[in-house]
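The block underneath contains the structure these notes are about, expressed in C-alpha cells.
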Amino acid sequence: MGVIQGHTNGQQNRAKTNGDAGISRQSAPADGGKLIVLTAPLTETIDHAGYFIQMGMASMPIWMEGVLNRKYPNWRDVELNDDGTARYMPAGTRLLETSLQREFKAEDMVACLPDDLHKFIGPNTRVVAVSTHNPLGVTFAAGVYTSIFGSSKMPINSHYARLMFKLIKENPYRDNFKVIVGGSGGWQIIQTDLYEELGVDCVVEGRSESLDTLELFRRAIRGESLPREIEVKHPTTREGILFPDKRTTFGVVEMTTGCGRRCQFCLPDLNPQIDLPKDQIMKAVRANVREGNKQISLATEDMFIWGQVHTETPFYFPNREALIDLYTDIVNTPGVEHHVLSHSTIAPAVVDPLLIKKLSDVLLPKSPIHLPYLSSDPQKKALTPLIGLETGSIAMGKKIMPSKGVPFSIEDWPSVVIQGLTVLNQNNWFPAMTLIVGNPDETDDDVKATLDLIYEVERRGLFAFFIPSVFTPLHDTRMEMKKGVTETMQLTPLQWQLIMKCWKMNLRPGQNSWWAPTAWRVGALALWMHKLRKLNGPNFKWPLFMFSSVMSEKMMGRLGKIYVGKPIKVKSRKELIAGLKSHYLQYLRADNGDLPQDYVATPATRKTSMALPVLS
Ligand code: B12
Ligand code: SF4
C-alpha cells in the first residue's frame, strides 16, 4: 500500500459517456476476478472538503453539478491502494467487509470504487455487494430541494449511484453473480421497486454482522436464488457490533446505535440503544490514522448518551467525565488533525452547560470548520453537530416526538431549544438543525408556532443552520403509513415561508456556507421567473420574494403577504429545572447552578454523575 492514485475527471467521464462500449472492451481480470466484490457510489465515498460536499450532492440536482465542479474541481479524486482497491470506503462497506471476513477469506474479496469494478469482477465473481446511504434521494431534505429546483429531479448523488448500478448491470459477467444491496438507503430501492431497472437481486435491511447476512452470501455463492428483500437482526449487545480495521470515509467510527427518545418518524431509534466500548472505538480511530486518515467522526444519533446507556442514571443526563475522556483521547491520538461532530440532541446542553464548555475546550482546536462571522474562538473555529428541531409546535411535538426534550416536558420544547441554542452558541457550537415541514395533519397554527420559534432565534441573535425538509414517511418507522405533503405544489404559503425563512437566515454567515448562497440566493428571482413560478405554484411567490429581500419583511407583513411571527415566552434554565420531576434533580450537576434553593445534593448525585463507566 502507499501509492496514491487519482481518479481524474477524464476517467470518471469515460465511465459516464462511453457506457456500454467501454465496458464490453474490458478484458477479464487475470486472476478470474474476486469471489465477492464490494462497492459504493463514488459520491458517498469521497471525503475531502468535509461533510457538506456530500450533503450538497444529496440535495443539489444533477444539472447543478457545474457549481460543484467549479467550487471543487478535484472532487472526484480519490485515493487507491497499489492493487487498485479503494483506500477508503464508507463505514458501512468496511463493516460489511469485516463481517464477511468471519466466514470468507480476505483474499477472496475486495472493496473498490465503481470505476474499478471491471478490474475485479470476472468469471469467479459470485456476489457484488453494494452499500448505499441514499441512492435515490427520496429521504428527508434531499428530495425536496431537487424538486424545488425543477427540470431534473435527480440529485447528484442519485445520478452517481445509478451510474454505479449501470456499470454492475452491464458487466459482461453479470449472469454469474448476484447483486446484494445494503446500507441505510437500501429501503429506497424496495419502496420504489427499482430492482429490475437497477439490476438488484436482493436488498438487505439491517446490519452486516447478522448471521442471516452471512447465510445470504453463502446462498448467493452457491448460486441459489435470493429473496428480493430480507430483514436481518440487529445485534443487541456491545460485543455483537464489529469494528473495521481499515480506513473509512470521513474517518467514521461508530459510537452508539439507537437513541431512546422514541420519535415517531425516526428509523435509527428502532435499533437497540448501545454505546460501544471505548477500546474498540480507539482501535478503529488508530486504524484510520494508520491508513492515512487525518479526520475522525463518531457516528451516533446522540453523542450525549455515550457512557450513560444502561447505567443507574437515565441516559438523558450525560456522563460528563466519560464523554470528555473519550473525546480527549480521540483528538489527542497522534495523527488525528481534524474531528467533526455528527448527531446530537439539544436538551443535554440545558441539562449540563459545563459539559458543552469543557467539550469545546477539547474539540474546538481540532475542528476543521471555521465560521468567522459567528465564532468567538481566536481561530474562528466552530462545532456544527446535526440536531433535530423538527417543529416549534408543542401540539405537533406531542404527536410526533413527545420525548424529544427529556428530562424536560415537550410542553417546554421551545424554551429548551432557545436555552440549548444559547448555551451552544456561547461555546461556539452552531448546529445544523433539521425541521420537518408538512407533517401529517399539520395545521397553519403548527407552522406559525415553528415560525415564531425561528423568529425568536433571530430576535435573540442566536444562530443555527436551519435545514427544513418535507415530511417523508421513512420505511419501517412508526409513521411509515402516514401521508404528508408529496409535492412542492401542495405546500401552503406558510410552509413555503418557513422553508424560505430558514434559508434566508442560513445565509447570514455568508461565504462560509459555500453551497447555500450558491444554491439559494444567486439568481433566485430569475429562476422563479423562468421555472419555479410554474413548478411550485402561486404559494411560493411571496416566500421567495421574502427570501430575495425585494421588500422588507415588515412591509410584507403589513400587506398581509407573510406572517411576521410573535414573540414567545421563553423559560429560563432555572424555570425549566423548577418544572422537572423532583426525582430528576439528583442527576443534575450543582456546578451548573440553577438548582432550587432548598435542594441539597445527595451522595447519589455525586456518585452517579462522577462515575466513569466500565465500557471496555
Ligand atoms: C456519518 C453519516 C453521514 C455522513 C457521512 C456519510 C458517508 N458517506 O460515510 C454525511 C454527513 C456526509 C451524511 C450525509 C447524509 N446523510 Co447521513 N448519516 C451518517 C450517520 C450518522 C452514520 C452513517 C454510518 O456510517 N454509520 C455506521 C455504518 C457502519 O452503518 P451503515 O452504513 O448503516 O452500515 C450498516 C448496515 O446498514 C449494513 N450495511 C451497510 N452496507 C451494507 C451492504 C450490504 C450488502 C449489506 C448486506 C449490509 C450493509 O451493515 C452495516 C453494519 O454492519 C447515519 C446515522 C447512523 N447512525 O447510521 C446518518 C444517516 C445514514 N444519514 C441520513 C441522511 C438522511 C443523510 C443525507 C441525505 C442528509 C442530507 N440531507 O444531506 C446525506 C446523504 C449523503 C449522500 N451522499 O447522499 C439518514 C439516512 C436516511 C435514509 N437513507 O433513509 C441517517 C440514518 C441519519 C438519520 N437519522 O436520519 N451522513
Ligand atoms: S432524538 Fe433523533 S435519533 Fe433520537 S429518536 Fe428522535 S429523531 Fe431519532
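The values are calculated or read from the model by the stated rules, or taken from the named source; none is laboratory data. As the structure is a prediction and not an experimental result, all values here were calculated from the model. For neighbour counting, all protein chains shown are included, and Cβ atoms are generated from backbone atoms with ideal geometry for every residue, glycine included.
Tell me, please, whether a residue that is in a loop (DSSP other than H, G, I, E, B), within 16 Å of ligand 1 (Cβ to nearest atom), polar (S, T, N, Q) and more than 23 Å from D269 (Cα to Cα) can be found in segment 364-386.
Yes, there is a match, as at least one residue in segment 364-386 is in a loop (DSSP other than H, G, I, E, B), within 16 Å of ligand 1 (Cβ to nearest atom), polar (S, T, N, Q) and more than 23 Å from D269 (Cα to Cα).
Taking only pairs six or more apart or across chains, which ones have beta-carbon atoms under 6 Å, a first residue in segment 580-595 that is within 17 Å of P353 (Cα to Cα), and a second residue that is of a type in the set (K, R)?
As it stands, the answer is D594/R573; D594/K574, since those pairs meet every condition given.
Specify which of the listed residues (K357, K399, K448) is more than 16 Å from ligand 1 (Cβ to nearest atom), in a helix (DSSP H, G or I), of a type in the set (D, E, K, R) and touching a Phe, Trp or Tyr at 6+ places or on another chain (Cβ under 7 Å).
K448
Please indicate, with yes or no, whether at least one residue in segment 389-400 is in contact with a strand residue (DSSP E or B) (Cβ under 6 Å, 6 or more places away or on another chain) and among the β-branched types (V, I, T).
No, the conditions are met nowhere in segment 389-400.
Away from ligand 1 (no atom under 16 Å from the Cβ), buried (at least 19 other Cβ atoms within 10 Å of the Cβ) and more than 22 Å from G206 (Cα to Cα): is that true of N288 in this structure?
No: the conditions fail for N288.
Given segment 142-233, what strands (runs of 3 or more DSSP E) lie entirely inside it while holding 2 or more residues that are modelled with pLDDT of 95 or more and among the aliphatic types (A, V, I, L, M)?
Of the strands (runs of 3 or more DSSP E) lying wholly inside segment 142-233, those with at least 2 residues that are modelled with pLDDT of 95 or more and among the aliphatic types (A, V, I, L, M) span 178-182, 202-205.
Yes or no, residue by residue, for (1) away from ligand 2 (no atom under 16 Å from the Cβ); (2) at pLDDT below 95; (3) among the hydrophobic types (A, V, I, L, M, F, W, C); (4) out of contact with any helix residue (DSSP H, G or I) (no Cβ under 6 Å at 6 or more places or on another chain):
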| residue | (1), (2), (3), (4) |
| --- | --- |
| P244 | yes, no, no, no |
| C266 | no, yes, yes, yes |
| Q280 | yes, no, no, yes |
| V285 | yes, no, yes, no |
| F304 | no, no, yes, no |
| Q308 | no, no, no, yes |
| P318 | no, no, no, no |
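Is there any pair linking a residue in segment 258-280 that is within 20 Å of G185 (Cβ to Cβ) and basic (K, R) to one that is assigned to a strand (DSSP E or B) and within 7 Å of ligand 2 (Cβ to nearest atom), with Cβ under 6 Å and at least six apart or on different chains, and which?
From segment 258-280, no pairs qualify.
Has segment 52-61 got any residue that is surrounded by 20 or more Cβ atoms within 10 Å (Cβ to Cβ), modelled with pLDDT under 80 and hydroxyl-bearing (S, T, Y)?
Among the residues of segment 52-61, at least one is surrounded by 20 or more Cβ atoms within 10 Å (Cβ to Cβ), modelled with pLDDT under 80 and hydroxyl-bearing (S, T, Y), which makes the answer yes.
Need the failing condition index for V423 against (1) buried (at least 22 other Cβ atoms within 10 Å of the Cβ); (2) within 16 Å of ligand 2 (Cβ to nearest atom), just the number.
(2)
Just to check your reading of the model, which residue among S225, S208, S184 is of a type outside the set (A, V, I, L, M, F, W, C) and within 16 Å of ligand 2 (Cβ to nearest atom)?
S184
Can you tell me which of I330, I281, I305 is surrounded by 18 or more Cβ atoms within 10 Å (Cβ to Cβ) and more than 20 Å from the chain's Cα centre (by Cα)?
I330
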